[in-house]
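Asks: Okay, handing you the structure first.
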Amino acid sequence: MENQIASPMDSRAADAFPRFPPPKSSSFSNPITDGDSQHPWGLNYSLSSSDRRLAFSRQPSFRQSDPRTPNALQRSDSLRPYLSRSDSSISILPPESDGFGFGSGKVVIGEDVDAGKKKLGVLGLLLAVVRAVRSGNRPMKRLTLLISLNVAYSSAELMIGLLTGRVGLVSDAFHLTFGCGLLTFSLFAMAAARKKPDGIYTYGYKRLEVLAAFTNAIFLLFMSFSLAVEALHAFIQDESEHKHYLIVSAVTNLLVNLIGVWFFRSYARVNIVYRNAEDMNNHSICLHVLADSIRSAGLILASWFLTLGVENAEVLCLGLVSVTVFIVVLPLFQATGSILLQMAPGNIHPSAFSKCLRQITALEDVSEVSQARFWEIVPGHAIGSLSIQV
């Protein structure tokens, strides 16, 4: 009578837990003893609590009819893993028992996404810009003052143009308004660039300043093209005598823009070495107000030449202004475009990249290095990625 009869309490405890069949995969080669079979929740499947297979599951497109992974042990949707391979930027808390011997991590993705959406709200952005301007550095406060002066002047010019029926004044007012919008975007980029990286923008917000500089460069190139078209139109149809009233507008606009040039006088150069994204944005602001100043000076000079009786003076002045603006803005356009297109950093010699590849290839267990990519997030911040076969 060696056979032992289980007590009723033991039989009820055994029925309270579901039994799992032994694993079919040959990859788990640990033998299952009789003692282990009495406790299905304590089976040793050669998986630790930190094993990736407990936290990640394949997508349905990769599942087979008879999967040979620990997922075959799951019987209901409630026991499926909380994560999938398509999730990224996730943080898993320490594993907790789910009652069947498997650890389950808690995912905190939705909270970060919702918080990021709230941060990017329109009202939140405006309030952030106002707070950043009040506590910002000197360039931000100076740019705010410059935008205020331009808005006041363009509004006054628009009202006078509508009351007097001067189409030239109305057109110039709209031009100044569009320029104020671009300067406002530069101010917003300054404020947003101060934010730290988060779960959505893992590289931070500093590249907004590069985008603002690129936008200013595009606007100035368009202004250069429009001045060339205006000069050609003045050459074909002589209408110079109808534009003498613009002399007052040009003088006032020149004075306002000279204030902006004085604010950002340290960036009043064509070619400049950008140490960071802030330098690039400030340089674009300086070139913006400088190009407007050159345009106003060209109109004043053309009006003066017309009073002296010089023929085609407006064509000559507008043509010179168009060429000058194009030459001044072209280096900025090339610098910002190369960063946004993720070209290789120009301040790093190609031999440095080759040396990097040789050093990585010489490492032990590295058989091949391919798909080497190097680019700049912002000026002075280079990024590289490699594909390594071990």
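Asks: Using each residue's phi in segment 147-160, evaluate 6.51 cos²θ - 1.76 cosθ + 1.60 at θ = phi - 60° and report the 3J(HN,Hα) Karplus result to the nearest Hz, with x for Gly and Pro.
Replies: 5, 4, 5, 5, 5, 5, 5, 5, 5, 5, 5, 5, 5, 5
Asks: For Gln359 paired with Ser135, estimate the spin-label separation in nm (one decimal), with each label point 7 Å from Cα along the Cα-to-Cβ line.
Replies: So the two model labels end up 3.9 nm from each other.
Asks: Another question, then. How much net charge surrounds Leu258 when only other residues with a Cβ under 12 Å from its Cβ are counted (Lys, Arg +1; Asp, Glu -1)?
Replies: 0
Asks: Give the peptides 370-378, 190-198, 328-336, 343-351 in descending order of average Cβ contacts within 10 Å, highest first.
Replies: Final packing ranking: 328-336, 190-198, 370-378, 343-351.
Asks: Expressed as a whole percentage, what fraction of the accessible surface of segment 253-390 belongs to carbon and sulfur atoms when a 1.4 Å probe is rolled over the protein heavy atoms?
Replies: 62 percent
Asks: Now a separate question. Starting at the first residue of segment 228-233, write each ³J(HN,Hα) from the Karplus equation 6.51 cos²θ - 1.76 cosθ + 1.60 with θ = phi - 60°, in whole Hz, x for Gly and Pro.
Replies: These are the phi-based 3J(HN,Hα) values: 5, 5, 5, 5, 5, 5 Hz.
Asks: Here is a further query. May I ask for the net charge around Ala344, where only other residues with Cβ less than 11 Å from the Cβ of Ala344 are counted and Lys, Arg are +1 while Asp, Glu are -1?
Replies: 0
Asks: Can you pull a Stokes-Einstein diffusion coefficient for segment 267-380 at 4 °C (1.567 mPa s), Rh from Kirkwood over Cα pairs, as a whole number of µm²/s?
Replies: Here the translational diffusion coefficient equals 73 µm²/s.
Asks: Accessible area per residue, 1.4 Å probe, Å², for segment 172-288: what's the number?
Replies: Accessible area per residue, segment 172-288: 50 Å².
Asks: In square angstrom, what is the accessible area per residue of segment 333-390 with a 1.4 angstrom probe?
Replies: About 67 Å² of surface per residue is accessible.
The values are calculated or read from the model by the stated rules, or taken from the named source; none is laboratory data. All figures in this text were calculated on a predicted structure; none of them were measured in a lab. Positions of Cβ are backbone-derived with ideal geometry, glycine not excepted, and every protein chain shown enters the neighbour counts. For the accessible areas, the whole protein counts, side chains as well, though only heavy atoms, and no ligand, DNA or RNA atoms are used. Shrake-Rupley method; radii C 1.70, N 1.55, O 1.52, S 1.80 Å.
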